[in-house]
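Since the structure comes first, as structure tokens, the remarks are kept for the end.
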Amino acid sequence: MEPIDGKIYIATVLLEANRWAAVRQPTYRVSRWLDRFAQAGFDGIELWENHAAMAPPGELEALSASPVPVTVFNSYAGFDDESASQRRRTAELAAALAAPAVKFNLGPDPQRREEYISNALAWRKLLGADVRMLCECHGGTILETPAAASEVFDRWDHEQFQAIVHPFSCPPAALAEWFDRLAERVTHAHVQTRDADNRFTRLTDNAAGVREALAVLSEKGYRGSYTLEFTAGTGQANEDIESLFAAALDDLAFLRENFRP
């Protein structure tokens, strides 16, 4: 599969107030934002699963006809045996939207490692041979470290299995290790930055640190894509969808200006 050189997507979860709610019922229709995403210059959309699974009538059709494509389907299906129906539903929705990539997370229990690995391999057959399977590697999963991820990816000996990293959320040396361990299998990046109080910020608020991470990506020959996942205002009590979008546009501009694939 060919690399996706420098494409930048917007995550619909970035604008979703209920992203972490007990009941994650969507609060807005993504279809009503499609023209704005296109006009802003985003190359694609990383669609939060519930924006499709809990969508009102006509929403899937509108998303399928979007002027900016659904490029990543953001799934939260489990990989234990009990979650087989979730994985089937995810595969059905991704196919309905013709999404060329699906993001997923393995679970946190090291005792179920073999179960997770096996179920991911079986899931590949449901998704089809042309779908990129983007495994998000971060805390709270068994792929929390580059070494642990490398062991699992050795078992997933197929080009469909690719990795997501968080380049602006770790020190440069740690970012480099992801590439040292996984090399060309790192094909997607989630974009977010935080301050000392763990609040999400704009990229410009840590411009030097972001540029340092981008230098590592360039040195490692990164030719993948990016999703603006969270931004300034995310998770705050006074969160406002228009302010979030404005911050995302600022992040988009900064990333376009500073990243050279």
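None of the figures in this text is laboratory data; all of them are computed from the coordinates on show. Since we're looking at a predicted model, the values are computed, not measured. As a convention, Cβ positions derive from the backbone with ideal geometry for all residues, glycine included, and neighbour counts pool all protein chains shown.
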What about Leu134, is it closer than 21 Å to Leu175 by Cα and in a loop (DSSP other than H, G, I, E, B)?
no
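Tally time: how many residues in the range 19-33 are part of a helix (DSSP H, G or I) and either in contact (Cβ under 8 Å) with a residue 12 or more places away in the chain or exposed (fewer than 10 other Cβ atoms within 10 Å of the Cβ) (or both)?
3
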Note on Ala38: of the conditions (1) in contact (Cβ under 8 Å) with a residue 40 or more places away in the chain; (2) out of contact with any Gly (no Cβ under 7 Å at 6 or more places or on another chain); (3) of a type in the set (A, V, I, L, M, F, W, C), unmet is (1)
Over the range 222-248, the set of residues surrounded by fewer than 17 Cβ atoms within 10 Å (Cβ to Cβ) and either on the phi < 0 side of the Ramachandran plot or without any contact (Cβ under 8 Å) to a residue 24 or more places away in the chain (or both) is Arg223, Gln236, Ala237, Asn238, Glu239, Asp240, Ile241, Glu242, Ser243, Ala246
Inside the range 91-118, the number of residues satisfying the requirement of being outside any strand (DSSP E or B), within 20 Å of the chain's Cα centre (by Cα) and in contact (Cβ under 8 Å) with a residue 12 or more places away in the chain is 15
If we ask which residues in the range 140-178 are more than 16 Å from the chain's Cα centre (by Cα), among the small types (Gly, Ala, Ser) and outside any helix (DSSP H, G or I), their number turns out to be 0
Of the residues in the range 65-88, those that are assigned to a helix (DSSP H, G or I) and surrounded by 14 or more Cβ atoms within 10 Å (Cβ to Cβ) number 4
Only one of (1) within 22 Å of Arg89 (Cβ to Cβ); (2) touching a helix residue (DSSP H, G or I) at 6+ places or on another chain (Cβ under 6 Å); (3) not in a helix (DSSP H, G or I) does not apply to Leu126, and that is (3)
